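For reference, the structure is listed below as C-alpha cells.
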Amino acid sequence: MLVICNRSRLASSLIRRLKHQIANASNHRSFATSEGHRLAIVNKRSLDILQDPWFNKGTAFSMTERDRLDLRGLLPPNVMTTEQQIERFMADLRVLELTTKDGPSDTYALAKWRILNRLHDRNETMYFKVLIANIEEYAPIVSTPTVGLVCQKFSGLYRRPRGMYFSSHDRGEMMSMVYNWPAEQVDMIVVTDGSRILGLGDLGIQGIGVAIGKLDLYVAAAGINPQRVLPVMIDVGTNNEKLLKDPLYLGLQEKRLDGEEYLAVIDEFMEAVFTRWPNVIVQFEDFQNKWALTLLQRYRHKYRTFNVDVQGTAGVAIAGLLGAVRAQGRPMSDFPKQKIVVAGAGSSGVGVLNAARKTMARMLGNDESAFDKARSQFWVVDDKGLITEKRANLDPEVRPFAWKENEISRQGLNEGAKLVEVVRQVKPDVLLGLSACGGLFSKEVLEALKDSTSTRPAIFAMSNPTKNAECTPEEAFSIVGDHIVYASGSPFKNVDLGNGKIGHVNQGNNMYLFPGIGLGALLSGSRIITDGMFQAAAERLAGYMTDEEVINGIIYPSTSRIRDITKEVAAAVIKEAVEKDLAEGYRDMDVRELKKLNEEEILEYIENSMWDPEYPTLVYKKR
C-alpha cells in the first residue's frame, strides 16, 4: 500500500493518480512506484543517454542500469553515490573559484555561473540538487544580478540549445514549431522579447538568459519538474546599435518590429503554445514598458498568464509594505494609513501602485469611496517630477494617481515638484523607489526623510541590478538613522551599525512570490491568474515573518527557506482560486476534492506534488 499522507481524501486522490500514471507509463517519461521511487521510461541507450541532461546520472548509474542501457564500459567502474558526485563537483568548484576570487567581482560571479552552467548542461538532477542545497548563494548567480552579465555576453557564452526561439521570420510556422520541443507536457513557460533586461535595456535575443534563470528558480523553489519547463525568446529584432553591428550576435540584425506587426507575432506564439499545451502557464518577463501592460491586458482573461515585472514585483513590494507596517508595531490593517512617495512610473511602478491601492481598498471595504481614499495615500514622481492632472500626455495607467492642482497646492506642492520637495512636504512613512535610476535617493532626499512623521520610516530601493538601486543600505542607515526599515531589489550585505546592532537589508526578490503563484495556479487548475491571487500571496508572505523578526527590521525571510515559503504562497493562491470559483483541478485532483481540503491538507497536497532532484530508475523502451 502506498503511504503518502494520513489524510484519507488526499491519499485516495494521489493513489488514483499513481495508478493512472502506472497504467499509462508508456505515455509518460516519469512516474512513481508503490515504494515511492521514480521510474522513467527512456527511448535511448548508450552514449545517447549520457548526453541527455534530463536522464544522465554520470558515474551514479548502477551496474544493473549500465547493463540495461548498454553503458557497461562507457563509464569508470566505480559506482558513485549522489553525495560523492556532489563532493567532487563542489571541490572542483572551490578550486576554480579560487582562481578568480581576488579578481573583479563580475569575473568571479561569471566564473561561478560558467561552472554551474556546465553541470546544468550535462546532469540536470545533480544541478538542481546543488542549487537547492545552496539556494542563498547560487540564486543570485543563476538569476538576478549575475544573469544580467550573462545576457550581455550571451552570444559568446552560447554552447548548446536550451529553450526555444521564435522570431518574426517564423510567422506562419509557429503552430508547427511548438511540436519540435521534445516534452509531451509543459507546465511552465517563461518568455521574453529581450527588450528591457534587468534595467540594462534592449539586449535582443541574449535576454533568453533571464528566462532560463527564472525557470531554474521555478524548479528549485516550486518543485516544477525540469522536464516540464520551457524558456522562450521571441526575437522581433533589436534597437541596440552595438548588437546590430556585432558579427557574432546570434539574433536577427534588424530593427524591432512595432505596432500591429509586433502584436501579430506575439498573438501567433500564444495561440501556438496554448494549442499544444492548453494548461500551460506563460510568465512574461522583461518586456519594455510600452508593451508590458498592453500584453498583460490583452491575454490575461483568455490564457493562464501573468507578467512578473508588473504583478510579481508589485506583489513582493506589497508584502514588504505590509511588513513595514508590522515593523512599526502596528497591525497590517493599518496599511491604508501609510503615506507613500513613489519614485518611478514605469511598468513596475504602475504595477505596484495598482496593487497597493487595491490592497488598501480591500482593507477599507472595497467600494468606490475606499478606492478614492486609497488613491490619496500616494504621491508619484517620475523624471519630470510630481505627477498631477496638469501633466501633458499623461499615461492613462498613471492618471488615477495624479493629484488635482487645488489639492496638491494646499500641500505646498505643484506639478513637476522635485522628489526632495515632495519628501520634505509629505513627510512619508515610505519612500518607494522603482525608477531604475541609481542614486536617485540622494543625501538631500534622505535628509528630508528624517522629518518623516513615522516612528519607523521605510526605504525601498527596489530597482535592479545593484548599480540601479536608488540608494545603498549604508547611505540609508547612516543618513536617516538606524531605526529605519530598508529593502532593496538586488542583494546587499547587512550594515554593521556598531554596538552590536545590525542594519538588516531586506531583498524584495520576486523569487518569494512568482514560483508560488505559478505552482498554486498549476495545482488549482485555475482558468486565469488574477490580481486577487497576488494580493492573497502578498499577505501570506507578509504574515510569514514572526513578530520578533519584523520588530528587528526583518520583513522578508531568508531565501534558504524558499521551498517552505513557496508552499505557503501556493496555498494562498489555491484558496483564492477555490473561493473565486476559478479552480478546475489538476490531473487527478478533482476540483470537488480540492474544495474539501483544509489548510493542512492543501499544504500536504502541494508538498507531494513538488519535484525533488532524485535520480529515477531508468527503464529502456524502444519507440
Selected residue [within 30 Å of Trp291 (Cβ to Cβ), surrounded by fewer than 20 Cβ atoms within 10 Å (Cβ to Cβ) and in contact with a strand residue (DSSP E or B) (Cβ under 6 Å, 6 or more places away or on another chain)] from Gly385, Gly416, Gly438:
Gly416
Is it the case that some residue within the range 185-198 is within 30 Å of Leu263 (Cβ to Cβ), surrounded by fewer than 16 Cβ atoms within 10 Å (Cβ to Cβ) and in the same structural domain as Glu241 (by TED's automatic domain parsing)?
yes
I'd like to know if the range 442-449 contains one or more residues that are part of a loop (DSSP other than H, G, I, E, B) and surrounded by 19 or more Cβ atoms within 10 Å (Cβ to Cβ).
no
Out of (1) free of Cβ contacts under 8 Å to residues at least 40 places away in the same chain; (2) surrounded by fewer than 18 Cβ atoms within 10 Å (Cβ to Cβ), the odd one out for Asp395 is which?
(1)
Could you please give the count of residues in the range 455-470 that are in a loop (DSSP other than H, G, I, E, B), under 17 Å from Arg424 (Cα atoms) and either at pLDDT 95 or above or among the aromatic types (Phe, Trp, Tyr) (or both)?
2
Hey, Ala345 among the aliphatic types (A, V, I, L, M) and assigned to a loop (DSSP other than H, G, I, E, B) or not
yes
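The values are calculated or read from the model by the stated rules, or taken from the named source; none is laboratory data. Note that the structure is predicted; figures quoted are calculated from it, not measured. Heads up, the Cβs are rebuilt from the backbone with ideal geometry, glycines too, and the neighbour counts pull from every protein chain shown.
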